[in-house]
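The values are calculated or read from the model by the stated rules, or taken from the named source; none is laboratory data. Since we're looking at a predicted model, the values are computed, not measured. Cβ atoms come from the backbone with ideal geometry, glycine included; neighbour counts cover every protein chain shown. Only protein heavy atoms, including side chains, enter the accessible area calculation; ligands, DNA and RNA are left aside. Shrake-Rupley method; radii C 1.70, N 1.55, O 1.52, S 1.80 Å.
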Amino acid sequence: MIFCCDFWWRNKYPKFYDGTVALMSAANSKALLQPEDLTKFVSCLKDQIEADKPKGHGARINYSPCGHDGRGFIYLESGKDETDIARIYLHKVESVITYGDFRNAVLDVKKIGG
């Protein structure tokens, strides 16, 4: 499981970034259950920015998977001076523990999208 957190976005940016920023924002404070979910999410971000950016524009997704320390990131880069438009951090979840009344609770898993 990969937890997405600490979403940040620039206050002002061109409108064509809106769709990609919205996808990143929607993942904030959410967990991706399988590695395939993360792969699909990154692919969706790349497809979104490619569809929305003006022809020849350098905007791109910079993705670094979780390394040995269990941390990674996704940056939406403007392609100009390596300025970030938005970023979200990834953390590998090793396990889940609960205490008290929730000790035997079932994890609520929701499928979003196709």
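For Cα pairs less than 8 Å apart in space and 6+ apart in sequence, what is the mean separation divided by the residue count of the chain, i.e. the relative contact order in percent?
Answer for the chain is 30 percent.
Carbon and sulfur together cover what percent of the accessible area of the chain at a 1.4 Å probe radius?
Working: 4210 of 8000 Å².
For the chain, the apolar C and S fraction of the accessible surface comes to 53 percent.
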Task: Prolate/oblate/rounded call for the range 1-63, Cα gyration tensor, a/c under 1.5 rounded - done: oblate
Task: Accessible area expressed per residue, the chain, with surrounding protein chains retained (probe 1.4 Å, Å²) - done: 70 Å²
Open item on the list: Angle check, please: helix 18-27 long axis (alpha carbons) against the longest principal axis of the chain (alpha carbons), in degrees 0 to 90, nearest 10.
Closed with: 10 degrees
- [ ] Working from Cα positions, state the angle (0 to 90°, nearest 10) between the long axis of helix 35-52 and the longest principal axis of the chain.
- [x] 20 degrees
TODO: Quick one: which residues, 5+ away or cross-chain, put their amide H under 5 Å from the amide H of Val93? H built at 1.01 Å from N.
DONE: Ile2, Phe3
- [ ] Beta carbons within 10 angstrom, averaged per residue: use that to sort the peptides 56-63, 71-78, highest first.
- [x] 71-78, 56-63
Task: Accessible area of Thr83 in the full protein assembly, 1.4 Å probe (Å², nearest 10) - done: 50 Å²
Open item on the list: For Kirkwood radius over Cα pairs in Å, pick the label among (1) 17.3; (2) 15.3; (3) 14.7 that corresponds to the value derived from the coordinates.
Closed with: (2)
